[in-house]
Structures are given as C-alpha cells and as structure tokens.
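Undergrad: Have a look at this one.
The values are calculated or read from the model by the stated rules, or taken from the named source; none is laboratory data. Worth saying up front: this structure is predicted, and the values here are computed from it rather than measured. Counting neighbours? That spans all protein chains shown, and the Cβs are built from the backbone with ideal geometry, glycine included. Accessible surface areas use protein heavy atoms only, side chains included; no ligands, DNA or RNA. Shrake-Rupley method; radii C 1.70, N 1.55, O 1.52, S 1.80 Å.
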Amino acid sequence: MPAYSRPVADLEVAIPAYNEVTRLPQTLWCTVEYLRRQPWSSRVVVVDNGSCDGTADVVRAHTRRTDGRVPVDLVGCARPGKGAAVRRALLSSRSRFVGFFDADLATPVETLATVMEHLEDGAQAVIGSRYTAGARFVHAQPAARRLGGAAFRLMARSLVKGVDDTQCGFKFFERHTVTHALVTCRTTGFAFDVELLCQLQRAGVAIVEIPVAWSHADESSFSPWRDGLASFSAVRRMQRSTTGCAS
C-alpha cells in the first residue's frame with residue numbers, strides 16, 4: 001500500500017489514464033462540473049499509468065485553472081495495467097466511498113447519483129452494467145468487440161456469480177470493504193475487474209448492478225488482440241487456481 005494518503009472526502013473517483021491527452025480534458029471538466037453541484041464532498045484522482053503523451057500535464061493544467069472545490073490529484077503508477085493503476089489509487093484513499101471510471105467517460109458521470117443512493121443506503125459494491133435490465137447502448141461496439149465480449153462474459157460467469165457485466169468501467173465501493181479485497185488481488189490488466197468482484201463475493205459482499213447508458217469510444221487504449229488475449233489468459237489462470245481468484 002502506498003505510504004501517503006489524501007484528505008478525506010465522501011466520494012473519491014479514480015480515473016486510470018494511459019496516453020489520454022486528447023480525451024482527459026473534457027472528462028475532467030465534465031466530472032468536476034458535475035461533482036461540484038452535488039451535496040457530497042468529492043475528490044478526483046487521475047492515475048498516470050506510464051503515459052508518454054502529456055497526460056500528466058493535462059491534470060496539472062486543469063488544477064491551475066480551477067478553484068479547488070473539487071480537488072483533482074495526480075498519482076503516478078509505473079507498473080503497467082488498468083488493474084495496477086486502480087489498485088494504487090484506491091489503496092491510498094481514506095475517503096468513505098471510492099471507485100473508478102474510465103477516462104473515455106463511456107458511462108455518463110451523472111450515473112454517480114444512483115451509485116451514491118445505493119452506497120448511502122448501505123450497499124458495499126455498486127457497479128455499472130451494460131447488460132442488466134434497463135441498460136442501453138448509445139453507441140454500440142464493433143461486431144468483433146461484441147463477439148469477444150460475449151465470450152469473455154461467459155468465462156467470467158464461472159468466477160463471478162449472478163453478475164451480468166464484470167467489465168463495465170464504472171465501479172464504486174465502501175472503502176473498507178474494497179480494501180480487504182484489493183490486497184488479495186494480483187491481476188494488473190483488464191481482467192482485474194473479474195478478480196476484484198470474485199474476491200468481494202468470496203468475502204460475502206453483495207454486488208449491486210445498475211443499468212447504464214453506455215457509449216463505445218473508438219480511441220480506446222484497449223487492444224482486442226493484445227489486451228483481449230491477455231484478459232482471457234488471466235481468467236483461465238483464475239479458473240485453474242486453488243482459490244479461484246488469483247492469477
């Protein structure tokens with residue numbers, strides 16, 4: 001666990017970012033403008049996951065231009081992979097509720113209102129879902145991505161029971177609950193979500209899925225060949241492991 005921590009907020013949002021200099025300015029602006037209107041205190045943490053395109057400069061520029069009512073912090077993560085970036089951010093938080101969403105803002109930030117309702121009512125894990133009842137695709141994925149996603153969901157169901165969508169990049173938690181799960185996670189790539197949810201279920205945590213209006217982004221850093229194959233391999237390792245959730 002990192003040796004430093006940030007001031008407490010009601011909600012801390014982590015945004016893992018790898019070469020997001022193009023999309024991050026709009027995502028930060030939309031996120032901060034939404035959060036500053038809410039009754040709960042908030043903090044945004046951008047995790048620069050080894051970018052080489054000025055992603056960190058975007059965060060610094062945003063911080064200089066804003067009044068700080070919703071602080072935006074920059075955290076570095078040299079270890080590659082979305083899982084490594086998210087783990088670093090969440091384990092260094094002291095806020096009541098923590099979570100993450102993708103830098104492309106594929107799920108509208110306004111979905112946080114529903115998330116907070118569930119968390120404040122006692123839910124410990126609330127995740128966005130593109131496949132549960134009421135969800136819709138505003139902009140659908142290409143056919144090849146949909147086919148690969150369907151195969152991955154089928155594999156993930158053997159580890160995460162009763163969850164329709166393990167991979168939607170919009171997940172929030174009660175901090176103490178997710179901390180216990182995070183310290184046992186070893187996956188650093190895109191299959192991290194599967195291991196995290198599996199560990200939560202093993203601890204007896206009920207996972208609440210909420211429907212989202214999701215938009216595919218063509219500029220995604222996810223590579224179907226490189227990251228897709230690595231994710232399938234990671235889930236296979238989890239299936240073969242003695243604990244069911246280690247890789």
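Undergrad: Could you tell me the relative contact order of the stretch 1-81? Use alpha-carbon pairs under 8 Å, at least six residues apart, and round to a whole percent.
TA: In percent, rounded to a whole number, it is 35.
Undergrad: Subtracting the Cα-Cα distance from 0.36 nm times the residue separation, let me have the gained length for Ser241 to Arg202 in nm, one decimal.
TA: Gain on extension, Ser241 to Arg202, equals 12.6 nm.
Undergrad: In degrees, nearest 10, range 0 to 90: what is the angle between the Cα axis of helix 82-91 and the longest Cα principal axis of the chain?
TA: Tilt of helix 82-91: around 60 degrees.
Undergrad: For the stretch 110-237, what is the accessible area per residue in Å² when the probe is 1.4 Å?
TA: Here the residues of the stretch 110-237 average 46 Å² of exposed surface.
Undergrad: Once you put a point 7 Å from the Cα of Ala217 and another 7 Å from the Cα of Leu147, both along the Cβ direction, what distance in nm separates them?
TA: It is 2.6 nm.
Undergrad: Note down the relative contact order for the chain as a percent, whole number, built from C-alpha pairs under 8 angstrom at least six residues apart.
TA: Relative CO of the chain lands at 22 percent.
Undergrad: When the dipole is taken about the Cα centre of the chain, and only Lys, Arg (+1) and Asp, Glu (-1) are charged at their Cβ, what size is it in debye, to the nearest 20?
TA: The calculated dipole for the chain is roughly 660 debye.
Undergrad: Between Ser233 and Glu120, what is the FRET efficiency for a Förster distance of 22 Å, r being their Cβ-Cβ separation, to the nearest 0.05?
TA: Computed FRET efficiency for Ser233 and Glu120 comes out at 0.05.
Undergrad: At R0 = 30 Å, how high is the FRET efficiency between Arg37 and Ala133 if r is their beta carbon distance? Nearest 0.05 is fine.
TA: The computed FRET efficiency comes out at 0.55.
Undergrad: Work out how much length Arg65 to Cys52 would gain on full extension: take 0.36 nm times their residue separation and subtract the Cα-Cα distance, in nm to one decimal.
TA: Working: separation 13, 0.36 × 13 = 4.68 nm, distance 2.27 nm.
Answer, rounded to one decimal: 2.4 nm.
Undergrad: A further question on this structure: Which one of Trp40, Val75, Phe192 has its Cα pushed farthest toward the positive end of the charge dipole of the chain, where Lys and Arg give +1 and Asp and Glu give -1 at the Cβ?
TA: Phe192
Undergrad: Can you give the angle from 0 to 90° between the axis of helix 55-65 and the longest principal axis of the chain, with both taken from C-alpha atoms, to the nearest 10?
TA: 40 degrees
Undergrad: Give the shape of the stretch 100-227 as rounded, prolate or oblate, defined through the alpha-carbon gyration tensor: a ≥ b ≥ c are the square roots of its eigenvalues, a/c under 1.5 means rounded, and otherwise the shape is prolate if a/b is larger than b/c and oblate if not.
TA: oblate
Undergrad: Given a 1.4 Å probe and every protein chain left where it sits, what share in percent of the accessible area of the chain is carbon and sulfur?
TA: On the chain, the fraction of accessible area on carbon and sulfur atoms equals 53 percent.
Undergrad: Please return the longest range in the chain lying between exposed loop sites, taking chymotrypsin sites (Phe, Trp or Tyr not before Pro), DSSP loop only, at most 13 other beta-carbon atoms within 10 Å, and leaving the sites out.
TA: Details: sites that count: Tyr4, Trp225.
Result, exposed sites excluded: 5-224.
Undergrad: Shape call for the stretch 143-182 from the C-alpha gyration tensor, a ≥ b ≥ c root eigenvalues: rounded (a/c under 1.5), prolate (a/b greater than b/c) or oblate?
TA: Prolate shape, in that a/c is at least 1.5 and a/b is the bigger ratio.
Undergrad: Same structure, new question: By how many nm would the segment from Glu110 to Val183 grow when fully extended, if each residue of separation counts as 0.36 nm and the alpha-carbon distance is taken off?
TA: On the way: separation 73, 0.36 × 73 = 26.28 nm, distance 2.96 nm.
Fully extending the segment from Glu110 to Val183 adds 23.3 nm.
Undergrad: Given the options Ser233, Ala123, Leu105, identify the residue whose Cα lies farthest towards the positive end of the charge dipole of the chain (+1 on Cβ of Lys, Arg; -1 on Cβ of Asp, Glu).
TA: Ser233
Undergrad: Which of the three applies to the stretch 73-112, rounded, prolate or oblate, going by the alpha-carbon gyration tensor with a ≥ b ≥ c and a/c under 1.5 meaning rounded?
TA: oblate
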